[in-house]
1. Apply the Karplus parameterisation 6.51 cos²θ - 1.76 cosθ + 1.60, with θ equal to phi minus 60°, to every residue of the range 101-111 and state each ³J(HN,Hα) to the nearest whole Hz, in sequence, with x for glycine and proline.
2. Tell me the label-point distance for the pair Thr149, Arg86, using the 7 Å Cα-to-Cβ offset, in nm and rounded to one decimal.
3. In Å, what is the Rg of the alpha-carbon atoms in the range 119-187, and how long is Dmax?
4. Run the numbers for Ile140 and Ile161: contour at 0.36 nm per residue of separation, minus the present Cα-Cα distance, in nm.
Amino acid sequence: MNDNQSNIITRIKNLQDSELMVLDKGTVNKFDLAKDLYEERIRLYDSMDTTYRNLSVDIVNKEEELRKKRKASVFAFSESEAAGKRVNELNEKNKNVSRQIELTTYYNDRNNKTGEIIKKITIIISILVIIMVLYKQDEIYIPPAVIYTLTFVTITIGIVIFIMDMISVTSRDNMDFKKFDWNFNPPNEKENTIDLALDADIDTSALNLFGIKTPGIDCSEGECCGDGTVWDNALYKCKPAQV
């Protein structure tokens, strides 16, 4: 479009130059020359007007296209943001469902274990009842010593089983009933802080003489770390400090 406009302007300039040259020579009828030049100018101006009109239409079309693209971009961004929120909501729902399943499984396993304990208690009581019934029977004579021994053994076995089951129930993990939680997490053996300092390329002159302090005796957690090292709660030991 710009090339066409430049071409028209150049043609108008050339036409004016030709007009001046012809007028200077005086070789052509001035009336005919003026008529021809007028018609040529009209054609050139019409061509320029058409060019400007096409350029204006093209600008309007480009603006409309840009507006549509901007609108589509805003819509796509809003949809992406809404999709992200929906994904977060679904993840939260999945977490809640998973947690509900874990709780249901936990209480089902716990109830099953409680049912087993009740069943064992019922069996022990039934055995004691049978022993008492046999003891009261006149047709069958069982020495009292045997009755007392059986009763003592049955009660002892029942108490032992009950205590073991109670220990088993109370020692279960709070999240997974099938796992045991003995509340004992032995700390990992602490690494020598001098070796850690050497790995970190730091000055070891300010370190403890033996490179390590004894936890619980003269320090606690972060106090046990030498210069250039920091305490890591996850690893339960000192590690090189990040520079």
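1. My calculation for the range 101-111 gives 5, 4, 5, 4, 4, 4, 6, 5, 5, 5, 5 Hz in order.
2. Spacing of the two 7 Å Cα→Cβ label points: 7.8 nm.
3. Over the range 119-187's Cα set, Rg and Dmax evaluate to 18.7, 66 Å.
4. Working: separation 21, 0.36 × 21 = 7.56 nm, distance 3.04 nm.
Roughly 4.5 nm would be gained on extension.
Every number here is computed from the coordinates shown, using simple stated rules; none is lab data. Here the structure is a predicted model, which means the values were calculated and not measured. Glycine gets a Cβ as well: all are built from the backbone with ideal geometry, and neighbour counts include every protein chain shown.
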